[in-house]
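Reading through the structure tokens given below for one structure.
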Amino acid sequence: MATEIPLDRATAKKFDSEDIIASARDEFYIPTRAEITQNKEIADPDAPSLYLCGNSLGLQPKLTRQLLDEELSVWASSGVYGHFRHPHSRPWVAIDETVTSTMADIVGARKEEVAVMATLTTNLHLLMAAFYKPTKERYKIIIEHKAFPSDHYAVESQIRMHDLSVDQAMVTIKPPANSNILPTEYILSIISEHASTTALVLLPGVQYYTGQAFDIPKITAYAKSLGIIVGWDLAHAAGNLELRLHDWDVDFAAWCSYKYLNAGPGGIAGLFVHEKQSERPRLTGWWAHEVNSRFMMDNHMKVQSGAAGFQLSNPSVLDTIALLGSLSVFRKYTMKALRAKSVALTGYLETLLLSRFPDKPFLIITPSEPDQRGAQLSLAFADGMMDEVNQVLQENGVTCDERKPDVIRVAPTPLYNSFEDVWVFVSQLRKAVDVVVARRKFTSS
């Protein structure tokens, strides 16, 4: 989208009229203004709220409730027999097969390289148990300095499990001076500096705080050329960016499903293991066993090939079905189309913000280049304004996501957000900032 565009609401509506995937919005429940604020007296209580928080928790697909009700009915009427006979051809014993192919398409993998299972941090631990094999010479794990806390804690604990010192074995990449982001060449320089002593590089596809998208293929290729295993946390990338995990020769990856994949709070997660790595020793459970002989119960493990061999227990049927509700929507569109709309939405958001805020009450710390960000702009507010501004937004039916100490993350999600949503948000943000500034002037006078 060109940067020189009319900034009026009519233009936003025009963009929406030209949006080839606009109908996807009708597949989701959009909370009303009264619902999201818990205030029945708010103006236009039955109008849709502004929900720009899909990077934290995606909205509920309308199909999800129907699918969950179907599974509850099967459970009620069939009990244990639901594992093997199912009126909707979804026997529970193979419930993961309803989602694996679509999930593989979303992350750019072969079906046998993907398993839908467990939760993100659990999967990271299982993958590191298989891939982090420190030696006297190579024992370090390289992560980013502001990694999501769960990743940081997982890496620390893995290092300690090997009786190593976190101070010596964990390398954290800090941004260069006067920068909020990690330039690719800078990341490569840190990898090069520690290459001879590094066993694993574990980075995010998209940095949760700044919204920076990392150059997965370039970083992967460089680290692997130095003999280093490379894994990726794709919590903020799966369903957001176009991914090609197989083609990029990524060793392993893990992701959650409750953000851009809309599977609901705490939804079932996924992992990827490249076919070249599928025979690697790992922790196992009975769901890793070959399907045809799993129920022989003879205690002779015959591990499934591919990522399925990393499974431990039977996956939660209800969690998997909630994911299916969302993936049924994804199947109607391509990641290329979703990504194209996302780039346009985020670019439009940036253009409006730069135009409407000449006073610069915040700094956009997300890279401006479309290929270096996903569906998120992170606004770092000055003078401790973030909490006050976000409170005013919430009171007026606008949902974003805040991250201490000073960032509001704004995520226009292509499946259910519109260009008009973006226009209205910027107008509401302008009003919220003006309200906070006026309050402060009044208080100080």
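Brief remarks on what is shown
- All told, residue 38 meets the bar of being more than 20 Å from the chain's Cα centre (by Cα) and over 24 Å from residue 317 (Cα atoms).
- Search result, residues across the range 299-358 that are under 30 Å from residue 370 (Cα atoms), touching a Leu at 6+ places or on another chain (Cβ under 7 Å) and small (Gly, Ala, Ser): 325, 326, 328, 355
- Looking only at residues in the range 317-358 that are open to solvent by 50 Å² or more (accessible area, probe 1.4 Å), in contact (Cβ under 8 Å) with a residue 12 or more places away in the chain and not aliphatic (A, V, I, L, M), the one that is nearest to residue 258 (Cα to Cα) is 319.
- Selection within the range 379-411 - hydrophobic (A, V, I, L, M, F, W, C) and part of a loop (DSSP other than H, G, I, E, B): 382, 385, 400
- Checking residue 84 against (1) surrounded by fewer than 18 Cβ atoms within 10 Å (Cβ to Cβ); (2) hydrophobic (A, V, I, L, M, F, W, C); (3) touching a residue at least 12 places away in the same chain (Cβ under 8 Å), the condition it does not meet: (3)
- Where residue 301 falls short, out of the listed (1) assigned to a loop (DSSP other than H, G, I, E, B); (2) modelled with pLDDT of 95 or more; (3) open to solvent by 10 Å² or more (accessible area, probe 1.4 Å): (2)
- Those strands (runs of 3 or more DSSP E) lying entirely in the range 104-211 with at least 3 residues touching a strand residue (DSSP E or B) at 6+ places or on another chain (Cβ under 8 Å), open to solvent by less than 20 Å² (accessible area, probe 1.4 Å) and modelled with pLDDT of 95 or more: 114-116, 140-144, 198-204
For every residue, the table says whether it meets (1) among the basic types (Lys, Arg); (2) at positive phi.
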site	(1), (2)
306	no, yes
320	no, no
336	yes, no
342	no, no
350	no, no
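- Test: residue in the range 232-239 that is more than 21 Å from the chain's Cα centre (by Cα) and open to solvent by 10 Å² or more (accessible area, probe 1.4 Å): no
- Scanning the range 164-203 for residues that are under 21 Å from the mean Cα position of the chain (by Cα) and in contact (Cβ under 8 Å) with a residue 40 or more places away in the chain yields 180, 181, 201, 202, 203.
- From 206, 250, residue being in contact with a His (Cβ under 8 Å, 6 or more places away or on another chain) and without any contact (Cβ under 8 Å) to a residue 40 or more places away in the chain: 250
- In the range 79-100, the residue that is farthest from residue 310 (Cα to Cα) out of those that are assigned to a helix (DSSP H, G or I) and among the charged types (D, E, K, R) is 97.
- Selection count, the range 59-72, where residues are part of a helix (DSSP H, G or I), open to solvent by 70 Å² or more (accessible area, probe 1.4 Å) and among the polar types (S, T, N, Q): 1
- Check on residue 289, surrounded by fewer than 20 Cβ atoms within 10 Å (Cβ to Cβ) and free of Cβ contacts under 8 Å to residues at least 24 places away in the same chain: no
- Residue match in the range 72-86 (condition: within 16 Å of residue 263 (Cα to Cα) and of a type outside the set (Lys, Arg)): no
- Qualifying residue in the range 9-28 (condition: surrounded by fewer than 18 Cβ atoms within 10 Å (Cβ to Cβ), aromatic (Phe, Trp, Tyr) and in a helix (DSSP H, G or I)): no
- Every pair of residues 6+ apart whose Cβ atoms lie under 9 Å, when the first sits in the range 427-445 and is over 11 Å from residue 385 (Cβ atoms) while the second is open to solvent by 80 Å² or more (accessible area, probe 1.4 Å): 427/9; 427/356; 429/356; 430/356
The values are calculated or read from the model by the stated rules, or taken from the named source; none is laboratory data. The model shown is predicted, which means the values in this text are computed figures rather than measured ones. Cβ coordinates were reconstructed from backbone atoms using ideal geometry, including for glycine residues, and neighbour counts include every protein chain displayed. Each accessible area value is taken on the protein alone, full model and side chains, heavy atoms only, with ligands, DNA and RNA left out. Shrake-Rupley method; radii C 1.70, N 1.55, O 1.52, S 1.80 Å.
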